[in-house]
Amino acid sequence: MAALAMKAPLLPEGDAASRHEFVVAFAGDDRHVADYLMEEVLQRQPTHVQTFLLQTSILERLCGPLCDAVTGRDDGQDTLAALEQSDLFIVPLDDRREWYRYHRLFSDLLQQRLRKTFPDDVAALHRRASAWYVANGDIPSAIDHALDAEDFANAADLVAQVAEA
């Protein structure tokens with residue numbers, strides 16, 4: 001991504017000092033990287049894939065059933081496999097390819113786009129994730145998503161469930 005950003009017209013051709021300064025100053029929030037990811041990657045995806053990416057960007061780890069619970073769809077595992085096959089900034093976390101995560105920069109940009117495009121949906125997505133984690137026995141993750149949804153009563157109830165442990 002840095003190499004792509006270095007090809008931007010802002011850097012003079014053959015100017016080694018400018019290129020060195022660019023590399024030293026390069027950060028994930030660089031405008032060229034963000035533009036590339038959003039315009040060249042996200043916008044080229046079909047609408048249903050864009051929606052899936054945005055909705056699941058709230059998750060640190062992804063698996064098919066969790067994605068289904070968050071998105072309300074039933075193709076989570078197939079979509080994750082297709083994203084991996086497309087090299088779409090997704091990393092498998094286990095050998096069975098059940099759990100994945102998005103590349104951190106890509107996830108951050110997706111979350112920014114989600115909050116900008118669908119701000120009213122964010123809390124509901126977190127509530128769905130929290131409910132899935134409760135049903136699957138991962139109370140700490142359920143608490144995190146309840147807090148992210150600003151569902152403080154539910155978060156307090158979940159904390160009370162595990163307080164003694």
**Message:** Looking at the structure I just gave you, is L10 modelled with pLDDT of 65 or more and not basic (K, R)?
**Reply:** no
**Prompt:** Among the residues of region 68-89 satisfying the criterion of being in contact with a strand residue (DSSP E or B) (Cβ under 8 Å, 6 or more places away or on another chain) and open to solvent by 20 Å² or more (accessible area, probe 1.4 Å), which is farthest from L42 (Cα to Cα)?
**Reply:** E84
**Prompt:** Mind checking whether some residue in region 91-103 is farther than 13 Å from P65 by Cα and assigned to a helix (DSSP H, G or I)?
**Reply:** no
**Item:** region 131-165, residues that are charged (D, E, K, R), without any contact (Cβ under 8 Å) to a residue 60 or more places away in the chain and open to solvent by 60 Å² or more (accessible area, probe 1.4 Å)
**Value:** D144, E150, D157, E164
**Prompt:** Is region 73-86 home to any residue that is part of a loop (DSSP other than H, G, I, E, B), of a type outside the set (S, T, Y), closer than 29 Å to D151 by Cα and within 15 Å of the chain's Cα centre (by Cα)?
**Reply:** no
**Prompt:** Of the conditions (1) at pLDDT 95 or above; (2) in a helix (DSSP H, G or I); (3) within 18 Å of Q55 (Cβ to Cβ), I143 fails just one. Which one is it?
**Reply:** (3)
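The values are calculated or read from the model by the stated rules, or taken from the named source; none is laboratory data. All figures in this text were calculated on a predicted structure; none of them were measured in a lab. For neighbour counting, all protein chains shown are included, and Cβ atoms are generated from backbone atoms with ideal geometry for every residue, glycine included. Side chains included, ligands, DNA and RNA excluded: accessible areas come from the protein's heavy atoms. Shrake-Rupley method; radii C 1.70, N 1.55, O 1.52, S 1.80 Å.
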